[in-house]
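Chemist: To start, I am sharing the structure in question, which I have written as structure tokens.
The values are calculated or read from the model by the stated rules, or taken from the named source; none is laboratory data. Everything numeric in this text was worked out from a predicted model, so none of it was measured. We place every Cβ from the backbone using ideal geometry, glycine too, and count neighbours over all the protein chains shown. The accessibility values were calculated without ligands, DNA or RNA, using every heavy atom of the protein model including side chains. Shrake-Rupley method; radii C 1.70, N 1.55, O 1.52, S 1.80 Å.
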Amino acid sequence: MSATLPIDKVAARRPLIRRRSAIPGFSLTMGITLAILSLIVLIPLSAVAVKAADQSFAEFLKAAFNERALTAYRLSFGAALIAGIVNAVFGALTAWALVRYRFPLKSLVNGIIDLPFALPTAVAGIALATLYAPNGWIGALFAPAGIKIAYTPLGVIVALTFIGLPFVVRTLEPVMRDLSSDVEEAAASLGATRLDTIVRVILPALAPAWLTGFALAFARAVGEYGSVIFIAGNMPYKSEIAPLLIIIELEQYDYAGAATIAVVMLAVSFLMLFVINAVQAWSRRFS
């Protein structure tokens, strides 16, 4: 008489070697992933760090934290942060309008959102500089008030906002589509005001995707070069971004100095993205 084993013990006796699948398994896919990641990301970044380590610690500090480099860091990260916040606000409004409402030329507006993805950055920079110059169509409107946009740090923010908007919009769109309007109607039927519905129902559901879009826009803006150099003015200690300073160091054959600035930017970017991802993971626990 054979005893019947409990279901949990039968499930525990699964074979250690599973039947091979027709689709490549874990070992092959992980090996390909690590190989591509190493060739494209890890090895180049390691080479930059090794090049920066060729100099002494005192030389590293001098190249990384001189006054010109600190000014470039402040402009690059500060402008990227401001542009990311602007894109987070107006990108969310744009995504909401595209998902929730019907209006004329909606397809055209939807296509224009992706324009920064397809447009070469140099072309975007020339176009922005032409529009926001003191004699440009938009810059001429602000010139009488003494507001100069092109060839100032404000122009850098404009360029970074332009290239970062699609990241927020395209990240939020799928989440907004999945967020049924029945949820809003249920909140209204329970007596919630529109503000309560936005704060307690909509924003918690959008928070992880919203932070992801902000992180993508911020990361894209920190390393942007092509669209910025045409509208920034590139004046040392005023409107010179860190990527441009790296190019200047390379043109002067100071490869260790260029690598040093790149390592500092890489470290700060990793730190800020780590904080953003930590906040994103925390928000998922309560969404």
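Chemist: With the checklist (1) part of a helix (DSSP H, G or I); (2) at pLDDT below 90 in hand, flag the one item GLY226 doesn't pass.
Modeler: (1)
Chemist: Next question. If a residue must be over 17 Å from TRP210 (Cβ atoms) and in contact (Cβ under 8 Å) with a residue 40 or more places away in the chain, how many such residues does the range 158-187 contain?
Modeler: 6
Chemist: Considering the range 203-257 alone, what residues qualify as being more than 22 Å from the chain's Cα centre (by Cα) and closer than 14 Å to PRO153 by Cα?
Modeler: GLY233, ASN234, MET235, PRO236, TYR237, LYS238
Chemist: Now for a separate question. Which of the residues that make up the range 221-243 are under 15 Å from ALA69 (Cβ atoms) and among the hydroxyl-bearing types (Ser, Thr, Tyr)?
Modeler: Selection gives TYR237, SER239.
Chemist: Output the residues belonging to the range 165-210 that are part of a loop (DSSP other than H, G, I, E, B) and open to solvent by 40 Å² or more (accessible area, probe 1.4 Å).
Modeler: Passing the criteria: SER180, LEU190, GLY191, THR193.
Chemist: Is it the case that TRP96 is farther than 23 Å from PRO236 by Cα, open to solvent by 30 Å² or more (accessible area, probe 1.4 Å) and assigned to a helix (DSSP H, G or I)?
Modeler: yes
Chemist: Ok, one more. Any residue in the range 252-260 that is within 20 Å of PHE117 (Cα to Cα), of a type in the set (Phe, Trp, Tyr) and in contact (Cβ under 8 Å) with a residue 60 or more places away in the chain?
Modeler: no
Chemist: While we're on this one: Within the range 23-60, track down each residue that is part of a loop (DSSP other than H, G, I, E, B), surrounded by 10 or more Cβ atoms within 10 Å (Cβ to Cβ) and free of Cβ contacts under 8 Å to residues at least 40 places away in the same chain.
Modeler: Selection gives PRO24, GLY25, ALA53.
Chemist: Residues of the range 112-154 being open to solvent by less than 60 Å² (accessible area, probe 1.4 Å), in a loop (DSSP other than H, G, I, E, B) and of a type outside the set (S, T, N, Q), which ones? Talk me through it step by step, then tell me what you get.
Modeler: The first filter runs over the range 112-154 and keeps only residues open to solvent by less than 60 Å² (accessible area, probe 1.4 Å), leaving 113-114, 116, 119, 121-122, 124-125, 127-129, 131-133, 136, 138-140, 143, 149-150, 152-153.
When the remaining residues are screened for being in a loop (DSSP other than H, G, I, E, B), the result is 114, 119, 133, 136, 138, 149-150, 152.
Within the range 112-154, ASP114, LEU119, ALA133, GLY136, ILE138, ILE149, ALA150 qualify.
Chemist: Given the conditions (1) open to solvent by less than 50 Å² (accessible area, probe 1.4 Å); (2) assigned to a helix (DSSP H, G or I), report the number of the one that VAL89 does not fulfil.
Modeler: Exception for VAL89: condition (1).
Chemist: Check the range 100-108 and report whether any residue there is in contact (Cβ under 8 Å) with a residue 40 or more places away in the chain and crowded, with 17+ Cβ neighbours inside 10 Å. Working first, answer last.
Modeler: Step one: of the range 100-108, the residues in contact (Cβ under 8 Å) with a residue 40 or more places away in the chain are 100.
Checking which are crowded, with 17+ Cβ neighbours inside 10 Å leaves us with none.
Scanning the range 100-108, I find no residue that is in contact (Cβ under 8 Å) with a residue 40 or more places away in the chain and crowded, with 17+ Cβ neighbours inside 10 Å, so the answer is no.
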